[in-house]
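Please treat every number below as a calculation from the coordinates, not as lab data. Treat the numbers as computed from the prediction; the structure is a model and nothing was measured. Ideal geometry is used to build each Cβ from the backbone, glycine not excepted, and the neighbour counts take in all protein chains shown.
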Amino acid sequence: MPASNRPDSSDVQLLTPGDAAYPALLREIPRPPPQLFIRGAVAALSLPQLAIVGSRNATPAGAETARDFASHLAARGFCITSGLAEGIDAAAHRGALAVRGRTIAVCGTGPDIVYPRHHEGLAAEIIATGGAIVSEFAPGTAVHRGNFPRRNRLISGLAVGTLVVEAGVRSGALITARHALEQGRDVFAIPGSIHNPVARGCHRLIRNGAKLVETAADIVEELASLLAALGLEDPPERLGSAAEATEGPAETDAEYAGLLAAMAWDPVDADTLVARSGLTIGDVSSMLLLLELQGSVRALSSGRYQRAGKKGSVGP
């Protein structure tokens with residue numbers, strides 16, 4: 001990438017293990033990086049993080065799953081950490097951003113060089129919303145294949161757990177999972193079709209002891225006590241929502257109840273909900289996603305939505 005197209009390296013901050021802001025969990029891994037170069041909010045590195053990784057050649061369903069899990073976990077207080085790559089990584093970052101959550105991208109290049117290049121906009125949005133771009137490689141370090149397996153140990157090392165969404169048997173995501181196990185961190189995997197080649201790595205992880213998960217709530221429940229034991233702020237169920245941690249008003253329970261009331265009990269599309277509720281299409285889309293993850297709403301194949309569960313219920 002020509003230097004004229006790179007972000008200004010003067011906004012890069014340097015951390016060493018002796019600095020108070022150096023992530024505590026990263027100090028515990030074998031060979032902690034002697035220096036971290038950071039663009040964005042250094043404070044984001046001290047948040048409880050959950051790594052989400054997977055195949056660059058993700059299926060549409062896999063990318064949607066990664067985005068949904070990231071949205072739910074970010075809304076519960078986790079900072080979502082991934083590698084800014086194609087496929088599952090990008091979907092995870094975007095899922096956190098969709099609910100105004102924090103997300104961290106760990107790079108195999110210098111922090112001022114975005115790879116792939118067309119993710120420059122995504123990287124800028126991560127920084128603008130209180131997240132960070134992190135690398136152990138100095139500014140100006142170009143793309144080199146050998147750097148990416150090396151950076152994977154930082155993705156897992158920053159996080160209390162790693163979720164693998166889709167991965168082939170030779171996927172770099174399995175390297176991240178192996179590092180997580182070596183670092184004493186939890187590994188979670190989502191099962192897939194036996195006919196899907198990018199599910200086979202997840203199946204191998206599960207056979208070898210990774211925790212099979214079907215919902216984001218499985219991860220929240222598993223990690224809450226660990227976070228408390230580590231002294232990493234409050235467990236996620238007591239953390240403020242991602243919206244409360246960023247600029248702008250948080251959605252209230254009353255707004256969600258109002259949206260469900262506007263939905264009634266028949267299938268309805270998002271545009272109709274906008275007209276009935278007075279909310280923007282962006283707010284409606286974000287709220288529908290969370291309601292679906294909570295089990296209060298079902299997305300139908302027709303592109304419409306329908307309430308689920310008992311009449312009058314608001315939560316999961």
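Which entry is the computed Rg and Dmax of the Cα atoms in Å for this structure: (1) 19.5, 59; (2) 22.7, 70; (3) 20.3, 67?
Answer label, from the structure shown: (1).
How do the peptides 287-300, 70-83 rank, highest first, by the average count of neighbouring beta carbon atoms within 10 Å per residue?
Going from most to least packed, we get 70-83, 287-300.
Within 11 Å, Cβ to Cβ, of Glu136, how many net charges do the neighbouring residues add up to if Lys/Arg are +1 and Asp/Glu are -1?
After counting each charged neighbour, the total is +4.
Most fluctuating residue of Ala270, Ala96, Ala123 in a GNM of the chain with Cα springs under 10 Å: which is it?
In the Gaussian network model the winner is Ala270.
Would you work out which of Gly62, Cys79, Gly95 lies farthest towards the positive end of the dipole of the chain? Charges go on Cβ: Lys and Arg +1, Asp and Glu -1.
Gly62
May I ask you to order 181-193, 24-36, 42-54 by the average number of other C-beta atoms within 10 Å around their residues, highest value first?
42-54, 181-193, 24-36
About the Cα centre, and with charges only on the beta carbon of Lys, Arg (+1) and Asp, Glu (-1), how big is the dipole of the chain? Nearest 20 debye, please.
Its charge dipole is roughly 1080 debye.
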